[in-house]
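The next block holds one structure in the form of structure tokens; read it before the comments.
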Amino acid sequence: MENEEETLLKSQDSVEKRLGRTTLLDSGEDFEMLEEVDDGVDDDLPPLEDAGGGRKESHQANKTVKEITDPSQCPPQEEWLDVLGNGQLRKKVVEAGSSPDSKPQRGQNVTINLKTTLTDGTTVEEESNVSFTLGDGDVIQALDLTVQLMEMGEKALIEAKAKYAYGALGSSSTPVVPPNADLILEVHLLSAVDAPDLELLPPSERISLASRKREQGNVHYQRGDYAFAVNSYGIALQITEASSKVDISPQEEEELLDVKLKCLNNMAAAQLKLDHYEAALRSCVSVLAYQPDNIKALFRQGKVLALQGEYADAIRSLKRALKLDPSNKTIHAELSKLVKKHSEQKGAEQAMYKKMLGNPPDINTVQKPQAKSSWSISWKWLFGATAVAIGGVALSVVIAARN
């Protein structure tokens, strides 16, 4: 009996070592999905592309889900790795990889085969050779967090709660995923290579890469995931600002600058949603340094300044934007609202100063009494002076008579 227990313990230890139970994620962040707040501002972000698609039934998917959910065939609990320790993202090795040293690193470009199903067995996506940069937020969190734990060639099952998949909104584009849907991912890690050196990347490829990162940021923004949007825009900016050892034409420089300014403008919008006012202001100022008449940057700068209580500066910025685009109803409405608020603030300040300094009588009521009082004082003073003078003359006469 003791030999059997020792054998079982050794088996469990070997499983834990093989799964890398003690592996720590260097990302660590638990990004919550933020609710979208419609503030009436047209942030000019492109809509999600409707690539069609739909739900596909698959007997093989049903079989896979049954194998996972059937208690008689359910694998031992020890084979599942609780990735974040909260039970909402789990990984199980189906087929071991080459070695623990072959795990991909953040920043590398990885390629996987991916099959995504709902918990009821519905296949929502099945793709081969899916490539993305690990840790850049190009894919759902479930993939970004678990693929970096896989060995090269490994096949794994991943159970992801909606929070780490497509969240409360779901996805209306490919893959089509309903709101609050938990997913089962079948992943096969094919390769991992270092990202290309930006300094040696041809300008056309840099422009394309930066544009893809910016578009991914737009997807995050439209889903209300503003922290990930800022991250994607930041990566795109790094690509546009990287020095180049390859010849670049003036037209390509202009295209890179255009991508950069779009990233900064959209980043300012996302930072505003996160209440990061100083960061949003810096983004707007950066745009205006290149394009002083950029209407979006002027508008968002005005909004930031208003939120910081700098109403006079905010009004100047919005007036400038409205002058450049007089028919823009959004700018006009924001400016009208701000002018009214600024007027109310000035009235409140005047009332506060009056309270601090007291309530002096009205000027119109003060002038007449002051004039009357002034004349009466003058007559009294004149009368007194005359009396003193007369008294002085009489005293002189008396003294002279005595002499």
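Read-outs: derived from the displayed coordinates by stated rules, not from any lab. Every value quoted in this text rests on a predicted model; they were computed, and no experiment measured them. Ideal geometry is used to build each Cβ from the backbone, glycine not excepted, and the neighbour counts take in all protein chains shown.
Could you look through the range 320-332, keep only residues that are in contact with a helix residue (DSSP H, G or I) (Cβ under 9 Å, 6 or more places away or on another chain) and assigned to a helix (DSSP H, G or I), and pick out the one that is farthest from residue 297 (Cα to Cα)? Per the criteria, the residue is 332. Of the residues examined, residue 207 is not one that is surrounded by 15 or more Cβ atoms within 10 Å (Cβ to Cβ), within 30 Å of residue 119 (Cβ to Cβ) and of a type in the set (Val, Ile, Thr). Here is a check on your reading of the model: is residue 180 out of contact with any Leu (no Cβ under 6 Å at 6 or more places or on another chain), among the polar types (S, T, N, Q), on the phi > 0 side of the Ramachandran plot and part of a strand (DSSP E or B)? Judged against the criteria, residue 180 is not a match.
Select from the range 114-144 the residues that are assigned to a loop (DSSP other than H, G, I, E, B) and within 17 Å of residue 188 (Cα to Cα) and list them in ascending order.
134, 139, 140
Within this structure, residue 185 fails the test of being over 24 Å from residue 219 (Cβ atoms) and either assigned to a strand (DSSP E or B) or acidic (Asp, Glu) (or both). Residue-level check: of (1) within 21 Å of residue 228 (Cβ to Cβ); (2) in contact (Cβ under 8 Å) with a residue 40 or more places away in the chain; (3) surrounded by fewer than 16 Cβ atoms within 10 Å (Cβ to Cβ), residue 270 misses just (3).
If you go through the range 187-201 and pick out every residue that is in contact with a helix residue (DSSP H, G or I) (Cβ under 9 Å, 6 or more places away or on another chain) and surrounded by fewer than 18 Cβ atoms within 10 Å (Cβ to Cβ), you end up with 1.
Taking first residues from the range 306-331 that are touching a residue at least 60 places away in the same chain (Cβ under 8 Å) and partners that are among the β-branched types (Val, Ile, Thr), the Cβ contacts under 7 Å between residues at least 6 apart in sequence or on separate chains come to 330/41.
Can you tell me which of 219, 187 is in contact (Cβ under 8 Å) with a residue 60 or more places away in the chain, touching a strand residue (DSSP E or B) at 6+ places or on another chain (Cβ under 8 Å) and β-branched (Val, Ile, Thr)?
Details: 219 fails: touching a strand residue (DSSP E or B) at 6+ places or on another chain (Cβ under 8 Å).
Answer to the selection: 187.
Of all residues in the range 82-108, those that are touching a residue at least 40 places away in the same chain (Cβ under 8 Å) and within 15 Å of residue 191 (Cα to Cα) have Cβ atoms under 7 Å from Cβ atoms of residues that are of a type in the set (S, T, N, Q) and surrounded by 11 or more Cβ atoms within 10 Å (Cβ to Cβ), 6 or more apart or on another chain, in 103/148; 104/148; 106/148; 107/133. Among the residues of the range 290-317 satisfying the criterion of being more than 13 Å from residue 341 (Cα to Cα) and over 22 Å from the mean Cα position of the chain (by Cα), which is surrounded by the fewest Cβ atoms within 10 Å (Cβ to Cβ)? Only one residue tops the list, namely 292. Selection within the range 150-205: residues that are charged (D, E, K, R) and under 24 Å from the mean Cα position of the chain (by Cα). The member of this set that is farthest from residue 228 (Cα to Cα) is 161.
Every residue, every condition in (1) under 30 Å from residue 247 (Cβ atoms); (2) out of contact with any helix residue (DSSP H, G or I) (no Cβ under 9 Å at 6 or more places or on another chain); (3) aliphatic (A, V, I, L, M); (4) surrounded by 21 or more Cβ atoms within 10 Å (Cβ to Cβ), yes or no:
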position: 160; (1), (2), (3), (4): no, no, yes, yes
position: 165; (1), (2), (3), (4): no, no, yes, yes
position: 171; (1), (2), (3), (4): no, yes, no, yes
position: 174; (1), (2), (3), (4): no, yes, no, no
position: 211; (1), (2), (3), (4): yes, no, no, no
position: 215; (1), (2), (3), (4): yes, no, no, no
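Take the conditions more than 29 Å from residue 212 (Cα to Cα), in a helix (DSSP H, G or I), touching a residue at least 12 places away in the same chain (Cβ under 8 Å) and of a type outside the set (Phe, Trp, Tyr) and apply them to residue 335. Does it pass? When the stated conditions are applied, residue 335 passes them.
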